[in-house]
Amino acid sequence: MGSLEQVAPALYPPPKDFASKAHVGSLEAYRALYERARNHPEEFWAEVAEREIHWFEKWRQVFYWDPPFAQWFVGAKTNASYNCLDRHLDSARRNKAAILWEGEPGDQRILTYGELHRLVCRFANVLKARGLTRQDRVVIYMGMVPELPVAMLACARLGIVHSVVFAGFSAEALKGRIQDLGATLVVTADGGWRRGREVRLKDAADEALAECPSVREVIVLRRTGSEVNIKPGRDFWWHELDKEVGEHCPAEPVDAENPLFVLYTSGTTGRPKGILHTTGGYLVQTTATMKWVFDLREEDTYWCTADIGWVTGHSYIVYGPLSAGATVVMYEGAPDYPQWDRWWRIVEKYRVSIFYTSPTAIRAMIRQGDQWPLGHDLSSLRLLGSVGEPINPAAWEWYYRVIGKQRCPIVDTWWQTETGAILIAPMPGATPLKPGSATLPLPGIEPAIVDMEGRELGPGQEGFLVIKRPWPAMLRTLWGDPERYELQYWRRFPSTAGLYFTGDAARVDADGYYTILGRVDDVINVSGHRISTMELESALVRHPAVAEAAVVGRPDEITGQAVCAFVTLKQGHTNYAQVAEELRAWVAHEIGGFARPAEIRFVESLPKTRSGKIMRRLLREIVTRGEVSGDVSTLEDIAVIRRLSVPDED
Ligand code: PRX
């Protein structure tokens with residue numbers, strides 16, 4: 001669970017000059033929008049869709065609901081790539097910077113909308129020349145280089161589903177995703193730069209591809225220039241294929257419900273879930289929230305520090321901002337390379353005006369000291385954002401004071417891979433802020449706090465956060481697993497059937513402000529990255545020395561939560577220090593470096609109920625408080641608790 005601090009009573013009204021120019025400039029204006037959406041949801045979304053998106057053909061019906069399967073803008077034709085590129089080319093935006101890119105070594109590229117369009121058309125032609133059709137799925141495994149959004153937009157242009165796999169995932173994780181999707185093409189790079197070292201992407205892809213028979217071809221971008229293995233007939237260099245194609249490639253009108261992408265995220269089982277998003281509703285809502293939440297204006301320079309491998313990067317680096325015609329900053333590398341002021345250097349250099357990051361990053365910056373941001377001119381900033389985990393009021397205040405100089409509102413945005421777009425967040429020209437609260441639901445979003453029986457709870461009571469009405473950018477299903485989709489999100493408890501179950505605990509105050517408390521399921525949130533405890537446990541027990549493993553989240557000052565693994569070893573393994581090292585490396589290999597356990601505790605046995613279920617609640621208490629309270633009568637071996645309560649040296 002997130003921060004234990006109480007929400008501070010302080011209230012921060014929108015600055016007057018901010019509100020006077022904002023898209024939504026008063027609480028009354030917000031309320032009017034909210035009421036309109038609540039009373040006439042279909043008309044409301046139709047108006048937003050009409051205003052924000054180009055449609056080749058209009059819808060026959062705004063919304064079709066066959067619970068839990070939704071369709072939005074039924075029968076309409078649009079194209080995500082067209083909306084992000086072509087429609088900007090007839091105006092001054094043609095020569096406006098779409099992407100201001102900086103590589104970690106310091107190299108730079110500026111891509112105007114015109115140039116980005118040209119690159120996307122060329123790459124779409126490459127995909128066509130390789131024989132790809134709408135029946136194919138493309139997996140993209142690249143670092144933060146401009147060719148990553150180019151590849152995504154090229155797929156979207158042709159109506160081909162893409163799935164981006166975060167470059168921090170291991171070969172093993174990549175393999176699982178390619179196999180689950182049955183992808184036919186992989187787009188990758190030789191490598192990418194991170195903290196001055198090369199991340200060897202092509203090597204990892206090769207390892208994964210050894211067991212991915214569905215993949216016919218691999219396209220490799222030259223980024224680092226290092227030596228890589230090129231398998232003749234399967235692997236092709238991007239720059240070589242590019243020489244063979246032209247620049248004319250019209251965007252194909254696709255159905256509003258045509259799948260746009262699949263993005264895998266951790267669930268409560270060992271197997272990641274492929275979240276499926278479609279085209280029309282997703283674009284409508286990601287574009288609208290750029291104005292509602294980020295108050296985007298033509299002259300803004302917008303920077304979201306997320307990686308495009310996560311949903312934040314999909315919705316708020318690529319589709320939302322480009323559809324809205326923004327200038328987007330994109331940075332390849334680590335925030336502390338070569339020093340801890342790299343981000344503030346970038347803000348100063350490009351005159352960033354909207355800056356969107358995670359609480360973990362903010363806490364890491366606090367720890368490094370104020371001298372890093374204070375050494376730079378941050379006066380271009382006008383709005384700050386936070387996403388991915390609860391922001392504790394102390395970090396909020398620092399962000400507000402040291403980065404925003406008490407001038408910039410902070411939008412704490414609550415949403416999920418599944419929701420596609422931001423659902424609960426301030427409108428910065430309208431909503432008075434309360435540090436630690438994501439504030440009010442956006443128009444068209446009807447959240448509630450309920451108990452186990454699905455009863456709505458009143459102000460101040462903690463419960464499950466649910467959403468009562470479908471929204472355009474919501475996931476449509478889980479790739480290849482509609483039953484799991486239904487069970488996981490719409491029938492978690494029999495009594496909550498028909499309500500979208502977020503998996504988060506929250507409370508609402510008397511003003512209707514939401515405070516998100518953290519996950520209620522077996523998902524932990526490390527640095528804003530979702531990790532399933534089951535996925536970690538199954539990775540650990542695949543190691544030959546491990547008999548059993550149980551993983552819980554432990555509160556961490558910087559990363560919010562940290563992975564703590566309780567492990568029992570098979571007979572004969574007693575060199576704990578060495579095994580602990582091996583297990584950390586093993587998790588990095590099986591999932592990715594970001595999932596490495598912060599702590600491994602070796603125990604003789606794990607506490608279990610009589611039916612053999614591991615009692616994670618007890619383990620959570622041990623790592624949180626160092627002791628156990630409550631009812632332990634169902635324990636198989638009470639004595640085990642005492643042994644568990646003291647960390648074993650590893
Ligand atoms: O627990 C909530 C937390 O992140 C989860 C969603 O994770 P993911 O799908 O990876 O998407 C992260 C980026 C949208 C949520 O269930 N979360 C996200 N934003 C916030 C948050 N918790 C508190 N406050 C937020 N602003």
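The values are calculated or read from the model by the stated rules, or taken from the named source; none is laboratory data. In this text, all values refer to a predicted model and were calculated from it rather than measured experimentally. Cβ placement follows ideal geometry from the backbone for every residue including glycine, while neighbour counts extend to all protein chains displayed. SASA here: full protein model, heavy atoms, side chains in, ligands and nucleic acids out. Shrake-Rupley method; radii C 1.70, N 1.55, O 1.52, S 1.80 Å.
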Take Ala545 and tell me if it is of a type in the set (A, V, I, L, M), under 23 Å from Phe166 (Cα atoms) and away from the ligand (no atom under 16 Å from the Cβ).
no
Filter the range 548-557 for residues that are within 16 Å of the ligand (Cβ to nearest atom) and open to solvent by 20 Å² or more (accessible area, probe 1.4 Å); the one that is nearest to Arg620 (Cα to Cα) is Pro555
Output for Cβ contacts, cut-off 6 Å, separation at least six or different chains, first residue more than 11 Å from Ala438 (Cα to Cα) in the range 388-399, second away from the ligand (no atom under 13 Å from the Cβ) and in a helix (DSSP H, G or I), reads Ala395/Arg363; Trp398/Ile366
Residue hits (the range 282-307; open to solvent by less than 10 Å² (accessible area, probe 1.4 Å), touching a Gly at 6+ places or on another chain (Cβ under 8 Å) and in contact (Cβ under 8 Å) with a residue 40 or more places away in the chain) are Tyr282, Gln285, Thr286, Thr287, Thr289, Val293, Phe294, Asp295, Cys304
**OP:** Kindly check whether there is at least one residue in the range 81-92 that is in the same structural domain as Gly281 (by TED's automatic domain parsing), closer than 30 Å to Ala588 by Cβ and modelled with pLDDT of 95 or more.
**Re:** no
Counting only strands (runs of 3 or more DSSP E) entirely within the range 98-198, those with at least 2 residues that are open to solvent by 10 Å² or more (accessible area, probe 1.4 Å) are 108-112, 192-194
Exactly one of Glu483, Glu537 is without any contact (Cβ under 8 Å) to a residue 60 or more places away in the chain, within 24 Å of the chain's Cα centre (by Cα) and open to solvent by 10 Å² or more (accessible area, probe 1.4 Å), and that one is Glu483
Among helices (runs of 4 or more DSSP H) entirely within the range 544-650, at least 1 residues that are modelled with pLDDT of 80 or more and in contact with a helix residue (DSSP H, G or I) (Cβ under 7 Å, 6 or more places away or on another chain) occur in 576-590, 616-625
Check your understanding: Any chance the range 457-477 includes a residue that's among the charged types (D, E, K, R) and closer than 30 Å to Ala183 by Cα?
Key -> yes
Note: among Asn525, Asn575, just one is within 16 Å of the ligand (Cβ to nearest atom) and on the phi < 0 side of the Ramachandran plot, namely Asn525
Within the range 118-167, residues more than 13 Å from Ile219 (Cα to Cα), in contact with a Gly (Cβ under 8 Å, 6 or more places away or on another chain) and aliphatic (A, V, I, L, M) come out as Met144, Val145, Val164, Val165, Ala167
Turns out the helices (runs of 4 or more DSSP H) fully within the range 261-356 with at least 3 residues that are away from the ligand (no atom under 15 Å from the Cβ) and among the aromatic types (Phe, Trp, Tyr) are 342-350
Here the residues within the range 362-394 that are under 24 Å from Met290 (Cα atoms) and part of a helix (DSSP H, G or I) are Ile362
Taking the range 414-456 and the residues there that are more than 13 Å from Ile467 (Cα to Cα) and not in a loop (DSSP other than H, G, I, E, B), the one that is nearest to the ligand (Cβ to nearest atom) would be Thr439
**Study point:** Condition met for Asp504 (touching a Lys or Arg at 6+ places or on another chain (Cβ under 8 Å), modelled with pLDDT of 95 or more and charged (D, E, K, R))
**Key:** no
message: Taking the criterion of being open to solvent by less than 50 Å² (accessible area, probe 1.4 Å), among the hydroxyl-bearing types (Ser, Thr, Tyr) and within 25 Å of Gly168 (Cβ to Cβ), would at least one residue in the range 222-233 satisfy it?
response: yes
